Amino acid sequence: MIKTTIVLFFLNILIVYSIQAQKIYATKTAQIKFESSTSTEDFDATNNQVESKLSDNGQVEFKLLMKGFVFDNEMMQDHFNGKEYMESDKFPKAEFKGTIANIASVNFAKDGAYPIMASGNLTIKGITVKESAAGLIIIEKGKVNTKSSFKIKLKDFGIVGKDIGTVISNNITITVSAKYE
């Protein structure tokens, strides 16, 4: 009984130590931009109010409000958030939760650009799809930044408005960048 109690005590100390040893970087001003290009129209929108957390153990997440995307054309912004496309009142948030497979190759204590591969669950309009994306973790003067660009298929997330495939591309390019504190 005493041996079991001592073993459990030391296991608890090890668990607490390992949790505390993990470094988490965070920001509320990450940027997500998407672009569509077709023969009839090009457009993009940017959201600069994206929350993100990155852990030195490879866990990464991004959360955003869909209404945070800003378009050059206000009418496009209204259509984007409306019932035909994003239904932002019904599905106000999007998120990505995943892991960086090769996080061990990143030296958070040394300046440099480290290629990474992240994979996880991307949820848009209440639909979750497994996605993977290559990117970079950039360490500069002790500050951590990330960059990535990848494509998604709109139909995978139930985005099927009448202009998809003609005015709006079937595949949208997503660009993500974050400067962590």
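The values are calculated or read from the model by the stated rules, or taken from the named source; none is laboratory data. Please read all numbers here as calculations on a predicted model, not as lab measurements. Cβ atoms come from the backbone with ideal geometry, glycine included; neighbour counts cover every protein chain shown.
Residues that are aliphatic (A, V, I, L, M) and surrounded by 13 or more Cβ atoms within 10 Å (Cβ to Cβ) were ranked within the range 97-112; the one that is nearest to S177 (Cα to Cα) is I100. Failed condition for G82, given (1) farther than 19 Å from S37 by Cα; (2) small (G, A, S); (3) at pLDDT 95 or above, with all others met? Every condition holds for G82 apart from (3). One residue stands out in the range 130-152 among those that are loosely packed, with under 13 Cβ neighbours inside 10 Å and not hydroxyl-bearing (S, T, Y): the one that is nearest to N102 (Cα to Cα), namely A134.
Results for (1) closer than 16 Å to I32 by Cα; (2) in contact with an Asp or Glu (Cβ under 8 Å, 6 or more places away or on another chain); (3) among the aliphatic types (A, V, I, L, M), shown as yes or no for each residue.
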residue	(1), (2), (3)
E87	no, no, no
P92	yes, no, no
S148	yes, no, no
K162	no, yes, no
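Whether any residue in the range 52-74 is charged (D, E, K, R) and without any contact (Cβ under 8 Å) to a residue 24 or more places away in the chain is what I want to check. Checked against the condition, which is being charged (D, E, K, R) and without any contact (Cβ under 8 Å) to a residue 24 or more places away in the chain, the range 52-74 yields at least one hit. The set of residues from the range 58-96 being crowded, with 16+ Cβ neighbours inside 10 Å, in a strand (DSSP E or B) and among the basic types (K, R) comprises just one member, K63. A search for C-beta distances below 8 Å between a residue of the range 104-123 that is basic (K, R) and any residue that is modelled with pLDDT of 95 or more, counting only pairs 6+ apart in sequence or on different chains, returns K110/I139.
There is at least one residue in the range 42-51 that is more than 19 Å from K151 (Cα to Cα), in contact with a Phe, Trp or Tyr (Cβ under 8 Å, 6 or more places away or on another chain) and assigned to a strand (DSSP E or B).
The residue list D156, D163 contains one member that is surrounded by 12 or more Cβ atoms within 10 Å (Cβ to Cβ), free of Cβ contacts under 8 Å to residues at least 12 places away in the same chain and more than 13 Å from the chain's Cα centre (by Cα), which is D163. Right, S177: surrounded by 17 or more Cβ atoms within 10 Å (Cβ to Cβ) and in contact (Cβ under 8 Å) with a residue 24 or more places away in the chain or not? The answer is yes for S177. Picking from residues in the range 113-129 that are among the aliphatic types (A, V, I, L, M) and crowded, with 17+ Cβ neighbours inside 10 Å, the one that is farthest from K63 (Cα to Cα) is I116.
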